[in-house]
1. Give me, ordered by chain and number, the residues 5 or more places off Ala81 or on other chains with an amide H under 5 Å from its own placed amide H.
2. Pop a pseudo-label 7 angstrom from the Cα along the beta-carbon direction at both Glu79 and Lys111 and give the gap in nm to one decimal.
3. Taking the highest mean first, how do the peptides 129-135, 78-84 order by number of other beta carbon atoms within 10 angstrom per residue?
4. Under 14 Å Cα to Cα from Lys111, which aspartates and glutamates show up? Leave out anything in the same chain fewer than 8 places away.
5. Divide, for the stretch 88-147, the radius of gyration over alpha carbons by 2.2 N^0.38 Å, where N is the residue count.
6. Hey, with R₀ at 41 Å, roughly what FRET efficiency would Lys95 and Ser43 work out to, going by the Cβ-Cβ distance, to 0.05?
7. Answer with one residue from Ile98, Ala69, Phe46: the one whose Cα lies farthest towards the positive end of the charge dipole of the stretch 41-173, charges on Cβ with Lys, Arg +1 and Asp, Glu -1.
8. Whole-Hz Karplus ³J(HN,Hα) for the stretch 138-151, in order, using 6.51 cos²θ - 1.76 cosθ + 1.60 and θ = phi - 60°, x for Gly and Pro?
Amino acid sequence: MDWGTVVMSGIYRAWQIGVDGFLDKIKLALARWVCRVQKKSLSVLFQHDRSYWWHMRELNGTPAMQIVAGFYLTNISQEHAVSVAKTFLVAYGRKWWIPFSLRVEGNVVVKNHVAPGGAFGTHSIPPGFTFEGFSDWWIQPPIKNIGKRLIARACVVDQFGNEHWSDVLTWRYRTGN
C-alpha cells in the first residue's frame, strides 16, 4: 500500500467521525500505547437465545420499547481489573423500504461472584474471572410493532474505551415482565 492511499484513508476516516472524534481516537491510541493497555480486555457471550428479548412498556405515559439482554463477561486481560463503563445498542429496521439504524445508550449491571451475596452493581472483574451481566435499553417512540422481531447489535464498553460488539442478533418479542 502506498503512502497516498494511507493518507487518503486517514482523511476519509477523519471525515467519517469528525475532526474532534478523530483527535480523540488518536489520543486514545497514544494512551493505550503508553500505558500498554490491551485493545481486547473482555469476552462477551450472550447466555442463550432466550436471554435477549424485548417488550412494550410505557415511559412517562407514552409507549416505549424495552430491550433486555443477559450475558457473561470474562476478563481476558492478564494485568488489569476491568469494569463496564457503558453499553449501547444499534437497532436496524426499514421505513418505507429504506433501511435505517438507531443507536441508543443503555444501562448495565454486573453480578459480583467473588463477594459474599453476589450483588448486582458496577463491579470490576478481576483478571481471569467471569461475571454475569444484564443490560436494558429503551427506544421511544417504538420502532417495531408488538410481536415483531428486532434485529440489533449490542456493545459493551470497558473503562479503557474498548468496544466489545455482539453479532447481529434477532431479539424476540416477549409478553409480560
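1. Here nothing satisfies the definition.
2. 3.2 nm
3. Numbers: 129-135: 18.6, 78-84: 16.3.
So the peptides 129-135, 78-84, ranked by packing, come out 129-135, 78-84.
4. Qualifying aspartates and glutamates at Cα under 14 Å: Glu132.
5. So the Cα radius of gyration is 1.61 times the expected 2.2 N^0.38 Å.
6. Working: r = 35 Å, r/R0 = 0.85.
Step by step, r from the Cβ atoms, then E = 0.70.
7. Result: Ile98.
8. So the J values, rounded to whole Hz, are 10, 10, 9, x, x, 9, 10, 7, 4, x, 7, 8, 10, 9.
Readers should treat all values here as calculations from the given coordinates under stated rules, not as data from a laboratory. It should be emphasised that the depicted structure is a prediction, and the values quoted were computed from it without experimental measurement. Cβ atoms come from the backbone with ideal geometry, glycine included; neighbour counts cover every protein chain shown.
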